[in-house]
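K.L.:
Provided herewith is a single structure, encoded as structure tokens, for subsequent inquiry.
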Number of protein chains: 2
Amino acid sequence: MTRIERRGRRGRTGAADAPRRKVNYHDLRNPFPAMNAFTEDRIEALHQASLTVLEEIGIKVLLPEARKLFRQGGARVEGEMVHIGRETVEAALASAPPSFTVKGARPDKDILLELGRLVFQPGAGAPHATDLVRGRRPGTLGDFREMVQITQSFDVLHMVPPLVEPQDIPMHLRHYAMTEAVLTQSDKVPFVYSRGTPQVRDGFEMIRDFRGLSDDEFHAQSWCYTIINTNSPRVIDMPMAQGLIDFARAGQMSIVTPFTLMGAMAPITVAGAMTLSHAEALAAITLTQLARPGAPVCYGTFTSNVDMKSGAPAFGTPEHFTASLVAGQLARKLGLPWRCAGGSAANINDAQAANESQFGLWGCLLAGASVIIHSAGWLEGGLTVSFEKIITDLEVLQMVAELCAGTPATDADIALDALREVAPSGHFFGAAHTMERYQTQFYEPLVGDWSNFGTWTERGAFDANHRATGIWQNIVANFEPPAHDPDRIDGLRDYIARRTAEGGAPPES
Amino acid sequence: MTRIERRGRRGRTGAADAPRRKVNYHDLRNPFPAMNAFTEDRIEALHQASLTVLEEIGIKVLLPEARKLFRQGGARVEGEMVHIGRETVEAALASAPPSFTVKGARPDKDILLELGRLVFQPGAGAPHATDLVRGRRPGTLGDFREMVQITQSFDVLHMVPPLVEPQDIPMHLRHYAMTEAVLTQSDKVPFVYSRGTPQVRDGFEMIRDFRGLSDDEFHAQSWCYTIINTNSPRVIDMPMAQGLIDFARAGQMSIVTPFTLMGAMAPITVAGAMTLSHAEALAAITLTQLARPGAPVCYGTFTSNVDMKSGAPAFGTPEHFTASLVAGQLARKLGLPWRCAGGSAANINDAQAANESQFGLWGCLLAGASVIIHSAGWLEGGLTVSFEKIITDLEVLQMVAELCAGTPATDADIALDALREVAPSGHFFGAAHTMERYQTQFYEPLVGDWSNFGTWTERGAFDANHRATGIWQNIVANFEPPAHDPDRIDGLRDYIARRTAEGGAPPES
């Protein structure tokens, strides 16, 4: 596996055998032309229908504080139902920033969020982990820590999400263990769950102190992010509403994501599901701006379909693809950065899994998504993250990042001299034009094996999954965390010990 | 496997349990926005460099008759080297048709070739076949026949190529056996190898008579096609030149495809390789038009890169993707229909194989290719066609075809009534809007399994490959060929018997 293991290190930060080839997989601009699913007038009709949903039909908001903010912002509140007028939504959209930065531990790990940018996050939120060595099992802190290390090791992954739930850690302490792993094992943008104010406050304090910031410095920029799923159809529940408010007030980024499965929690049509998703996203964005005008917020959706015979969710389908395109049109209408997602319903990392994930990814790319979530590792519609699938999906993300860089077409690239030099039926292996470039010209695969059938068979006939096992095992075995101030690591552990002694912070719901 | 086998029949012609959902996977228009790799001025520079290659550096043409045609067309011929002036190329481009039809056995199997159309062909030309039941072996006539039946069974495949080489049939008789299988087992557009005039003439006569045409009727339209690979760099060999001439004179379509691997038979840069590919394609197109002005011809390329350590060809890479985009820009400049190709270097149908094939496919789609070749089943860079990979790739092609159809966004689709009807936290399963549509709304997967992990495990934990085995076995076991006039089948077999008795037709080189 030596050759393959060496390959596995390419494109990773601080690898011992750094590639001679310079690649920038961090600052990505989407090079793909935006694709429209609907005409502009139908997008406007959909937007107006969403405003009608908010104004006439209303949305249920479970948190009294959130209802109060909506009321103060001009909404009509009847019991738990909130009716948000167009002018309230429009005011919120006017104050939501079209561009902002979320900070990592170092400036070169910051991410800029605006239309046209491209940011990748691996699969997240899975109760289970799986790999070929240990099998499928409930996620543990050990799994989470290893997945953070893998995420840290690839420049094309820009954010560290809650990859897998560490089910061996009790809920009132889990956020400490997860944040400790993310902050010490990574220098990338960290995630904080919105599971009630006490946990969120803990997260903010740990990140603030670990980054060496004052309260004012922390609040002046976004240093972490959360994901807000509305409870479709038409509910914003307690912890989600609280998260929107807490993150907005602290100047931290919320990514708003209605999870609207066509035919189940949303209308069966793309247009209907996106009308609901858009309405819910607008309500959540409005709440952030009512809590603090100018708060950083990402528009978003996760709209796919279900199998109408079983109700099972599906991903990477034509309907999912089309919904992504519609979301992109709506995001461009709003002018806000936005998140989209790929994913797969497959149960193992087979051809179905690869095809669904990549098909969903292309929907996101042609939709012009700023952040693409669940872009590596996601199986079973998010119930499992696979160590091997993280690696095989990373191959696709790295190839997309290569396309972001563009390709030169100077006269030297057109290579008339080389074309004169090589005789008919000859080859270019020894041409001067080739010799000057051969070490750095091509993307070298992470897990792809291009050897012929005989060589591949002699080497053990390993499929991509088995090669991926060698790659992630090598990363985990040799992982060296990024340099952090030891005092801050001590401080973080002291904080966690103190808060643990105080009883931790149970999630709220 | 019953449920899966039933799924396998969807989208197929004449299946017993025809889908209630109406789909048209035949008349496809590319819905994706065209992506440019280079600026227009660099495309012009590349085009001019290609013209310089043809005029100054020259191309070696091995067939005397072809050199004579070039000389008559104004080219300068020195020995075997032909120097083609710009005005000769431009005259040829002016007479090459921007749009034409290639005929199947029935009008609904005809394909229209022009920019903006989308035609798919499965993987072709492989010496080996593989499947999970019988393993990897040299291709046989039985394999070829089964693959023709599978190709016939899916509307999203529009042409019947030489999927696998029937190595159990001697070369001087192989074209009879292949044509017999294609004509009797299919009603789609058939392929004829350019392996010398005797075989080509046999092919034309068999197709003419089987379609019940006079000579004039046959020549008046295209009823079959061939693929012409130049011998890069800068050689058109005997059978290829003869094929270009024979097909043009008979009014049959040639698809011109320089196979220019960056760093090997072509410069290592995308721009350099595409300059060579473009020059060779222009030379071949010019020869068709010198043989018969107005002859139907497809522009094309197959440009990818090699592993510079081993020389092994790679497919579905960022460089392959970019080369496809450049070819698309050049084809649009010429205004001609054109072919592009996906493919994979993987040795089995694993995540690598799926990812490479789909990545290459997206390059073709965003390049605006009119014909996408090797779009299903291709492994090992074309040395093997996999029965299972045909099926798993077909899933992706069918999903692309779904996107071609577009998605409605009427007021009824926006579904405000359903959004009013379903309470917060409710679901849409029983909504009137859902009930009216649930049987036909969504694409139903061919081989994808969306069941949850428990159900999937209970059913045997089959991966996509194993499910694909059940699907192709079911197709082959229950295949019924399309209706053909029995007299023509007898006539075809008589023709083959007579020609076999006469000694057949060895390939020429």
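K.L.:
Exactly one of these conditions fails for B:Ser254: (1) open to solvent by less than 10 Å² (accessible area, probe 1.4 Å); (2) away from chain A (no Cβ under 14 Å); (3) part of a helix (DSSP H, G or I). Give me its number.
P.N.:
Just one mismatch for B:Ser254, condition (3).
K.L.:
From (1) in a loop (DSSP other than H, G, I, E, B); (2) on the phi > 0 side of the Ramachandran plot, pick out the condition that doesn't hold for A:Gly381.
P.N.:
(1)
K.L.:
Give the range B:393-410 a look and list any residue that's open to solvent by less than 20 Å² (accessible area, probe 1.4 Å) and hydrophobic (A, V, I, L, M, F, W, C), or say none.
P.N.:
Selection gives B:Leu394, B:Val396, B:Leu397, B:Met399, B:Val400, B:Ala401, B:Leu403, B:Ala409.
K.L.:
A further question follows. Give me a count of the residues in the range B:178-192 that are hydrophobic (A, V, I, L, M, F, W, C) and without any contact (Cβ under 8 Å) to a residue 40 or more places away in the chain.
P.N.:
Going through the range B:178-192 one residue at a time, the tally reaches 2.
K.L.:
Also: Looking only at residues that are part of a helix (DSSP H, G or I) and in contact (Cβ under 8 Å) with a residue 12 or more places away in the chain in the range B:437-468, which one is surrounded by the fewest Cβ atoms within 10 Å (Cβ to Cβ)?
P.N.:
B:His466
K.L.:
Out of the residues in the range A:411-435 meeting the condition of being open to solvent by 80 Å² or more (accessible area, probe 1.4 Å), part of a helix (DSSP H, G or I) and over 16 Å from B:Ile59 (Cβ atoms), tell me which one is nearest to the other protein chains (Cβ to nearest Cβ).
P.N.:
A:Asp411
Per-residue answers, yes or no, for (1) within 15 Å of A:Thr140 (Cα to Cα); (2) small (Gly, Ala, Ser); (3) in contact (Cβ under 8 Å) with a residue 40 or more places away in the chain:
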{"site": "A:Val156", "(1), (2), (3)": "no, no, yes"}
{"site": "A:Pro162", "(1), (2), (3)": "yes, no, no"}
{"site": "A:Ile169", "(1), (2), (3)": "yes, no, no"}
{"site": "A:Pro198", "(1), (2), (3)": "no, no, yes"}
{"site": "A:Glu205", "(1), (2), (3)": "no, no, yes"}
{"site": "A:Arg208", "(1), (2), (3)": "no, no, no"}
{"site": "A:Arg211", "(1), (2), (3)": "no, no, yes"}
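K.L.:
Okay, moving on. Can you tell me which of (1) outside any helix (DSSP H, G or I); (2) more than 8 Å from chain B (Cβ to nearest Cβ) is the one A:Ala401 doesn't meet?
P.N.:
(1)
K.L.:
Shifting gears a bit: Could you check B:Gly243 against (1) farther than 22 Å from B:Pro64 by Cα; (2) under 21 Å from the mean Cα position of the chain (by Cα) and say which number it fails?
P.N.:
(1)
K.L.:
Mind listing whichever residues of the range B:188-238 are closer than 30 Å to B:Val53 by Cβ, of a type outside the set (Asp, Glu) and over 21 Å from the mean Cα position of the chain (by Cα)?
P.N.:
B:Gly196, B:Thr197, B:Pro233, B:Arg234, B:Val235, B:Ile236, B:Met238
K.L.:
To continue, here is another question. Could you go through the range A:403-417 and let me know if any residue there is in contact (Cβ under 8 Å) with a residue 12 or more places away in the chain and touching a strand residue (DSSP E or B) at 6+ places or on another chain (Cβ under 6 Å).
P.N.:
So far as the range A:403-417 goes, yes, one or more of its residues are in contact (Cβ under 8 Å) with a residue 12 or more places away in the chain and touching a strand residue (DSSP E or B) at 6+ places or on another chain (Cβ under 6 Å).
K.L.:
Which one is surrounded by the fewest Cβ atoms within 10 Å (Cβ to Cβ) among residues in the range A:19-46 that are more than 25 Å from the chain's Cα centre (by Cα) and more than 10 Å from chain B (Cβ to nearest Cβ)?
P.N.:
Quick first cut of the range A:19-46, residues more than 25 Å from the chain's Cα centre (by Cα) only: A:19-21, A:38-46.
Still in the list and also more than 10 Å from chain B (Cβ to nearest Cβ): A:19-21, A:40, A:44.
Values: A:Pro19: 14, A:Arg20: 7, A:Arg21: 13, A:Glu40: 10, A:Glu44: 13.
That would be A:Arg20.
K.L.:
When the range B:60-79 is examined, which residues are found to be open to solvent by less than 80 Å² (accessible area, probe 1.4 Å), part of a helix (DSSP H, G or I) and touching a residue at least 12 places away in the same chain (Cβ under 8 Å)?
P.N.:
Answer for the range B:60-79, where residues must be open to solvent by less than 80 Å² (accessible area, probe 1.4 Å), part of a helix (DSSP H, G or I) and touching a residue at least 12 places away in the same chain (Cβ under 8 Å): B:Glu65, B:Ala66, B:Arg67, B:Leu69, B:Phe70.
K.L.:
Any idea which of (1) in contact with a Gly (Cβ under 7 Å, 6 or more places away or on another chain); (2) assigned to a loop (DSSP other than H, G, I, E, B) is the one A:Arg488 doesn't satisfy?
P.N.:
Only one criterion is unmet by A:Arg488, namely (2).
K.L.:
Right, something else. Just to be sure, is A:Val82 more than 27 Å from the chain's Cα centre (by Cα) and assigned to a strand (DSSP E or B)?
P.N.:
Spelling it out, A:Val82 is indeed more than 27 Å from the chain's Cα centre (by Cα) and assigned to a strand (DSSP E or B).
K.L.:
Okay, next question. List pairs: first in the range A:493-504 and surrounded by 14 or more Cβ atoms within 10 Å (Cβ to Cβ), second outside any helix (DSSP H, G or I), Cβ under 9 Å, 6+ apart or cross-chain?
P.N.:
Every condition considered, the pairs that remain are A:Arg499/A:Ala505; A:Gly504/A:Pro170.
K.L.:
Please go through the range A:156-200 and pick out each residue that is touching a strand residue (DSSP E or B) at 6+ places or on another chain (Cβ under 8 Å) and polar (S, T, N, Q).
P.N.:
A:Gln167, A:Thr179, A:Ser186, A:Ser194, listed by residue number.
K.L.:
Same structure, new question: Just give me the residues in the range B:197-226 being farther than 22 Å from B:Ile489 by Cβ and touching a Cys at 6+ places or on another chain (Cβ under 9 Å), in sequence order.
P.N.:
Selection gives B:Tyr225 alone.
K.L.:
List the pairs whose first member sits in the range B:104-133 and is at positive phi, whose second member is part of a strand (DSSP E or B), and whose Cβ atoms are under 7 Å apart, counting only residues at least 6 apart or on separate chains?
P.N.:
These pairs meet every condition: B:Gly116/B:Arg29.
K.L.:
Which residue is nearest to the chain's Cα centre (by Cα), if the candidates are limited to the range B:469-483 and must be open to solvent by 40 Å² or more (accessible area, probe 1.4 Å) and farther than 30 Å from A:Ser344 by Cα?
P.N.:
So the residue we want is B:Pro481.
The values are calculated or read from the model by the stated rules, or taken from the named source; none is laboratory data. Computed from a predicted model, the values in this text were never measured in an experiment. All Cβ positions, glycine included, derive from the backbone under ideal geometry; neighbour counts span all protein chains shown. Side chains included, ligands, DNA and RNA excluded: accessible areas come from the protein's heavy atoms. Shrake-Rupley method; radii C 1.70, N 1.55, O 1.52, S 1.80 Å.
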